[in-house]
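Below is one structure, written out as structure tokens, with a few remarks after it.
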There are 2 protein chains.
Amino acid sequence: MAAEEDIIFSAAINLMSAFAFLLAFAVLRIQPVNDRVYFPKWYLKGTRASPRKCGPVVRNFVNLDIRTYIRFLNWMPAALHMPQPELIDHAGLDSAVYIRIYLLGLKIFVPIALLAFAVLVPINWTGGSLQHIEGITFNDIDKMSISNIPSGSPKLWAHIAMTYLASFWTLYALYTEYGIVSRLRLEFLATEKRRPDQFTVLVRNVPPDNDETVSEHVEHFFCVNHPDNYLLHQVVYNANMLASLVEEKKSLQNWLTYYQTVFERKPSQRPKTKTGFWGLWGETVDAIDYYTSEIKNLSEREAEEREKVLSDPNAIIPAAFVSFKTRWGAAVCAQTQQSNNPTIWLTEWAPEPRDVFWNSLAIPYVELNIRKLLMAAAFFFLTFFFMIPIAFVQSLASIEGIEKVFPFLTPVIEKDAVKAFIQGFLPGMVLKLFLANVPKILMAMSKAEGVTSLSSLERSSAAKYHLFLLVNVFLGSIIAGAAFQQLDKFLNQAPAEIPKTIGVAIPIKATFFISFIMVDGWAAIAAEILRLSPLIMFHIKDAFLVKTDKDRQEAMDPGSITFSIAEPRIQLYFLLGLVYAVITPIILPFIIVFFALAYLVFRHQIINVYDQKYESGAGFWPDVHRRIIIGLVISQVQLMGLMSTKNVAKSGPVILVLPVLTIWFHKFCTGRFESAFVKFPLQEAKIKDTLEKATEPNLNLRIYLGDAYVHPVFKGRGQFEAPVSVDEEENDPLVATRRIPRREIAAQTPNPNLL
Amino acid sequence: MAAEEDIIFSAAINLMSAFAFLLAFAVLRIQPVNDRVYFPKWYLKGTRASPRKCGPVVRNFVNLDIRTYIRFLNWMPAALHMPQPELIDHAGLDSAVYIRIYLLGLKIFVPIALLAFAVLVPINWTGGSLQHIEGITFNDIDKMSISNIPSGSPKLWAHIAMTYLASFWTLYALYTEYGIVSRLRLEFLATEKRRPDQFTVLVRNVPPDNDETVSEHVEHFFCVNHPDNYLLHQVVYNANMLASLVEEKKSLQNWLTYYQTVFERKPSQRPKTKTGFWGLWGETVDAIDYYTSEIKNLSEREAEEREKVLSDPNAIIPAAFVSFKTRWGAAVCAQTQQSNNPTIWLTEWAPEPRDVFWNSLAIPYVELNIRKLLMAAAFFFLTFFFMIPIAFVQSLASIEGIEKVFPFLTPVIEKDAVKAFIQGFLPGMVLKLFLANVPKILMAMSKAEGVTSLSSLERSSAAKYHLFLLVNVFLGSIIAGAAFQQLDKFLNQAPAEIPKTIGVAIPIKATFFISFIMVDGWAAIAAEILRLSPLIMFHIKDAFLVKTDKDRQEAMDPGSITFSIAEPRIQLYFLLGLVYAVITPIILPFIIVFFALAYLVFRHQIINVYDQKYESGAGFWPDVHRRIIIGLVISQVQLMGLMSTKNVAKSGPVILVLPVLTIWFHKFCTGRFESAFVKFPLQEAKIKDTLEKATEPNLNLRIYLGDAYVHPVFKGRGQFEAPVSVDEEENDPLVATRRIPRREIAAQTPNPNLL
């Protein structure tokens, strides 16, 4: 256990490194040459032009104005300046609500910290239990923790009372925040401009029909079942192959540009390349000629594939985007069941066009269920047994392992320096490499599950990552040993023992988690603002690929908040704060600093840097809420375990009330607020429809929605004619049969005079 | 442990008593005097008239035709005769599907029993483990069970294979049955005649409005948000007080009729009664005069209350039944969310008018949640601590207890006969009395939860009873001790130990459960057909209250299947069958006899006796399915525990696959079939609307739906005018303000020409 000097030293180191990052940022930020790295958002918005255009050349690259260096921290107040409505307008609701998570952390933990330091720390300090035990080393942090209270002391009731206060305060904060976010979401949806997804429903699992194409079948079904509301539909093409060709061509184009730039700078010598993998081996050829011909080949294949997709009926997926005349009609269709068989004609709100995950629109119902089962099993094994493959790779990466597989390397390996490197770094590197790739693996698993939008993909991946971190970082740090050993332990231990095991281990681990917060939290947040990797990438691209301003625009990588990775990590800090609030309150200031710093940095980033790929209207908030509730329940249960080892009579049932109430509160909140994130109320839809009808009576929705849901590879190419509209059909002899059902419908439409 | 002779003896006794019941039924059934007890369903249908009308007097009461006595078992083939479609038409889908539960039992267990007897019983018999142990008493039942296989024997793999076969067979049977029932339900709903609930939605939590009454507010809201579909609505009056007055009056009327009959038979003496509770004490008065004046008083109070309810705006509950012009409109409204705030304007399908549970329509959202929490806590305590109040009452009912509370009774109690009674019977009677009342307590708890229909009330109560039986009968019989002691044991035991504890105890308890099946199952089913209590009640009423044929009609008590009690009990037999299928297959024939007998008896009862109070269209099937799945998972998990004590290497993971697959299968089935029981697809609604429009173009729905959802106490009294219709409003100066929003709506209605 680290003494308090170690902690102070570590805190100082970490504070200094964080400060160094911030200083580097402050300096780099004001160099005109980095402007596009640190303010890409404004370029994308068109409100900022390249600063290189005017003044002496050097000024274009380096900032020589001394005064700006003095005010190097002025980004902080600037970041806080923008009021929330403007922020939502500027960066979108997703981002604005995302930073509210950090704010919620401050709201929860600042009052709890104040109370804990006013009440619990003095009580713990005067507990005097540790002094009486001979031969035990303890430090001031331990003296401030619950460990210093003797077993069975009535002082422990203060901790129980504090748990009650902290829990109720957290629940209150959660409740108000859920209310605020759902209000923001509803306001956002209400004031939002017309968007194609408001009128559109995604229909999946269109049943096959022998007589009709998918497109005809969809049209007939919705003409019959939503006669007053149906407007048009857009079939989905299986263009995954085409999309990958387009991707490949883009990459070849980049190489061609690179070699052309090289050639322009050094016209004496034509650049060469090798035809093999990554230009590393194979025949040496003239690079520009090679890539030009490759691009030509690919263009032909692309055109061929494009032709094939558009003409082949098998390339049409049994799914469609169906648009309605009114938002009301779309809301009705999205929320109701269409057919007897609930596995066909599945309707759901269409995601925003940018948000559609095209790859998984065609998966049938049974396959979807099997995929989910397999992924659940895979996730279970990944979480609990992930140490096994790592141990295997580590054994391969050991000296004996390498010598066995590559005997010819033996003389190299046996050198001292190499040996030390293999023994000292390789196992750790393997672990780090794996851990860094966990989010990617989880994202791949979520993709295999077959969700239809990028936002739900991110949410599903975040849910998995949260569990993974909970088991492998939180529990893994508290109870030594790999996760599958913990699992074995838990299965062979009485349920009442588990909270005890955790409860006893938690106070001991306080100093470890303080270091963790500083290294993983503070330093990572400070590094976040520096954007080292986009900075380097931009300058490389700028040097070799950029020719026009448009190229420069494309070379910018504003990035976006990776919700699937960042949010589960925040949850770890909520969990630590809630767990330690009563036990070792000294951890709270570190968490508060983390939340404050993160709030500041991310507020700056969403204003100046990030450009979100899609907008889900804060659809992730129910997940955030649920995970904080999970953290709260864990904190309550482990306290129960700890108290039972401290021999506080009747504390069990008293604390047991809390998790029951917390879970009930969660159900209550879900009923109260969640539908704002899942459904779209008819009243809202009607109001928007009515307003629109009044302000824009001549709007032609058919044109507006025409190609909103075309696969991105077809977009803006003009090849894709607008879908056949109902009126245009009149002149189409091929679809004359379609008239019959529609006439039937007209006859079926209820005549209000008869009622 | 009972020897096999005991079992055979017990089986003989039980078979004979069951046979005696059946014989008594066969004789009583053909007596004309009992006709209305054993065939009330046909009287209610109007296809059977009183048999007393013709022939000599004695023939009206006793059947003297010897030939009918010879064919005394001919009700059995008769019960099986009616084909299923006719049965559904005759008794309703609820009843027809209810008896399919027994049929499902046969489908699952007959093949499993055949296979088990062909394979497992020989294997067990030759296991020879029990012979090798000295000093242990065992019987042939044990020899046929898994106990006879020595630990670690490879023969146990046969049992694991058998578990796989049994599980897959059960899942297959469940899947096909779910498919059949959902198809039956959809067909039933599709061929159903026009019913008010097809057009109607129950709206709860109408928000208060200062300017408008509930009725106006509902009308405006639906005129705006469902302009094309809204037809009319019916507000709900809080008539609970009035309903209880009506009930009271009916009971007084019965007493008056009774005394009038007594007086008619013995005109010399006017009957007397006492004014106190149940006529047991108080002043003695002339009975006929007393009841006549009491009824007069009550009639006045009733009229007053009726007036008050109809005129007082506070008697209107913020809930309403909203009817639509088409089934499509109702389906849309029931499945969508109306308002931003998901706790107001809650819409759900209206239950059938008979099925409405009027008392809980007015409960606001927050209160509903709190009630659910309280009831969940109460149910937890009832289940796990129900022995505590019983032990308390039993201690009061002991000799010391009675002497303490009522010292004056000491001399009476100290008599030997009384003492023996108190010591021997009273504690058991207290327990029996409590157990018999558990379903009533659970039903009261479900009522307090605030569900809106009788069918969901029964389902909620059944779910509780199922858990109660699982904990207190199944686990309680296997692990001795009260439920709260079990809970304590489970909490302080490793999770991996729990299946072991159960797994080891289960083979030992086989003989106990065989007796249980015979006493609780066979005898109860045979008693069911005898209808002893309705038989006696009918003859008492017939003697004292019946004057006209209408009275006799009312004196009949056809009863109905009490789903909330009967279904959880069936589940116990499914559970026992699944658990013992592999361990002690000898139990299976007993279960098969139970299912066969029950199927026969209940088929007879639903054809000839029961008259269901409402029709939910087999809405309970998802619950039945889920509970059988629970039983299957329990059986798999306990086998895992048993195998781990039998030292079968690697059996754990092999069996673990089964519960995972079973739970996944349940999720799959839920997605595949459940919506047929929860939602009403738009396609179906449209087809029915279209058909109706074609066949009955002149139908006036407004009149048809007019007073469908009037509280039963107002029904058929003419006091209740039809709700103000949209057209009638024109002449109503008071509601002139309402015109404005409707004109707005007209302006807002989308003009198709513009699109």
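The values are calculated or read from the model by the stated rules, or taken from the named source; none is laboratory data. Quantities reported herein were computed from a predicted structural model and do not represent experimental measurements. Using ideal geometry, Cβ is built from the backbone for each residue, glycine included, and neighbour counts are taken over all protein chains shown. When the accessible area is computed, the model is the full protein with side chains, heavy atoms only, and any ligands, DNA or RNA have been set aside. Shrake-Rupley method; radii C 1.70, N 1.55, O 1.52, S 1.80 Å.
Annotations for the structure displayed:
- Averaged over peptide B:680-689, the number of partner chain Cβ atoms lying within 10 Å of each residue's Cβ comes to 5.
- Relative protection proxy for A:440-448, A:402-410, B:114-122, from highest mean packing down: A:440-448, B:114-122, A:402-410 (other beta-carbon atoms within 10 angstrom).
- At an R0 of 51 angstrom, the distance between the Cβ atoms of B:Thr176 and B:Val405 translates into a FRET efficiency of 0.30.
- Neighbouring partner chain Cβ atoms per residue of B:328-340, average, 10 Å criterion: 6
- Label point of B:Arg270 (7 Å along Cα→beta-carbon): distances to the other copies' equivalent points are 13.2 nm, sorted ascending.
- Copy-to-copy label separations for B:Ala190, where each label sits 7 Å from Cα toward Cβ, in nm and ascending: 4.3
- Extending 7 Å from Cα along the Cβ direction at A:Gln269 and again at A:Ile540 yields two label points whose distance is 2.2 nm.
- Most positive-pole-ward Cα, A:Asn205, A:Phe221, A:Tyr258, against dipole of the stretch A:197-330 from beta carbon charges: A:Tyr258
- Eligible lysines near B:Lys249 by straight Cα distance, threshold 21 Å, same-chain separation 8 or greater: B:Lys272, B:Lys274, B:Lys296, B:Lys308, B:Lys541, B:Lys547, B:Lys550, B:Lys715
- Loss of accessible area when B meets A, both sides summed, Å² nearest 100, probe 1.4 Å: 5300
- Eligible lysines near A:Lys613 by straight Cα distance, threshold 16 Å, same-chain separation 8 or greater: A:Lys41, A:Lys45
- Modelled this way, with points 7 Å down the Cα-to-C-beta line, the labels at B:Gln553 and A:Asn647 are 7.7 nm from one another.
- Extending 7 Å from Cα along the Cβ direction at A:Asn314 and again at A:Glu192 yields two label points whose distance is 3.8 nm.
- Shielding by partners, peptide A:669-679 (average Cβ within 10 angstrom, other chains): 3
- For the stretch B:208-269 versus the stretch B:154-177, the gap between their alpha-carbon centres in whole angstrom: 54
- Residues A:Lys45 and A:Leu699, FRET efficiency given R0 of 25 Å [Cβ-Cβ distance, rounded to 0.05]: 0.40
- Within the stretch B:174-217, trypsin sites (Lys or Arg not before Pro) in DSSP loop having at most 16 other beta-carbon neighbours inside 10 Å: B:Lys193, B:Arg194
- Summed residue charge, Cβ within 15 Å of B:Asn340's Cβ, Lys/Arg positive, Asp/Glu negative: +3
- Volume of the convex hull of the stretch A:641-681 (Cα atoms only), normalised per residue: 53 Å³.
- Cβ crowding within 10 Å averaged over residues, with A:11-21, A:326-336, B:97-107, B:683-693 ranked highest first: A:326-336, B:97-107, B:683-693, A:11-21
- Under 5 Å from the amide H of A:Val356 lie the amide H atoms of A:Leu454, each residue being 5 or more positions distant or on a separate chain, with H modelled from the backbone and absent for Pro and chain starts.
- Once the Cβ-Cβ distance of B:Lys440 and A:Ser10 is raised to the sixth power relative to R0 = 45 Å, the FRET efficiency obtained is 0.10.
- Applied to the stretch B:150-158, the Karplus parametrisation 6.51 cos²θ - 1.76 cosθ + 1.60 on θ = phi - 60° returns per-residue 3J(HN,Hα) values of x, 4, x, 5, x, 4, 5, 5, 4 Hz, with x for Gly and Pro.
- Dipole of the stretch B:540-637, positive end: most advanced residue of B:Leu572, B:Val546, B:Ser635 [Cβ charges, Cα centre]: B:Ser635
- The orientation-averaged projected area of the convex hull spanned by the Cα atoms of the stretch A:149-286 comes to 24.6 nm².
- Label point 7 Å beyond Cα along the C-beta direction, distances from B:Ala118 to other copies (nm, shortest first): 7.8
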